[in-house]
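Here the structure comes first, spelled out in structure tokens, and everything after it is commentary.
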Amino acid sequence: MTDHLPAPRTGVAPLPALPADFRAFHQLYRPAYVRWAELHLGDRAAAEETVDRAFEQLAADWSHVLRLDSPAGYAWALLKDRTIDAARDRGRRPVVMDTAAFETHALHSAVDPIGELAESLCLYQAIRELPERQHDVIVLRYCIGYSTEETADILGISVPGVRSTARYARHRLKEALGLRAADEPADAPGPGAARGAADDTEGRPGHAQVH
């Protein structure tokens, strides 16, 4: 009898090591993807599983992804599709927080709980009804709190594109909320909360739309 037995044969070839550029992409974008998915799924564990599945597909297609004009834009589209699928599997719509989350925030932080609750729910509905790109920018900039530059990087678009989209989205939100539009600078630092999207002064590749 020998001291060391050979490893059993499984018939499965070892997986190749992931490319360094994929590992760097994963490290850079995974935190933002998880925050997005958690907002829409309402569960951290489900969000992490959803994001990991998206990255598994990215890893399998990585050589193709790198040949695209915007690998980040493609990855963002894939993430959103996987989030929609996960939400449907869980029997819910992939919305930006649910109504209960808005109610809880308004009731716990408001000077006027009833008035601010109604205002928050109106803004919640208005954000849901934004066009897809405007929705993404508003959620990343104001619901999550990323900077203009970070939002551009996550979406795979230009910084001026984020500023222009945010400006149109804010105008649309103000109209939906019955607020008078005023002259505004092109972009301003956003708070990490949804109501900043309407109060501040100022298509992706993919399939389904998230509201």
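Quick note: the coordinates plus some simple rules give every number you see, no bench work behind them. Note that this is a predicted model, so its numbers are computed, not measured. We place every Cβ from the backbone using ideal geometry, glycine too, and count neighbours over all the protein chains shown.
Using a Förster radius of 45 Å, what is the FRET efficiency between residue 49 and residue 175 based on their Cβ-Cβ separation? Nearest 0.05, please.
Numbers: r = 38 Å, r/R0 = 0.85.
For R0 = 45 Å, the calculated efficiency reads 0.75.
Between rounded, prolate and oblate, where does segment 34-73 land on the alpha carbon gyration tensor, with a ≥ b ≥ c its root eigenvalues, rounded for a/c under 1.5, else prolate if a/b exceeds b/c? Judged from the Cα gyration tensor, segment 34-73 comes out oblate (a/c at least 1.5, b/c at or above a/b).
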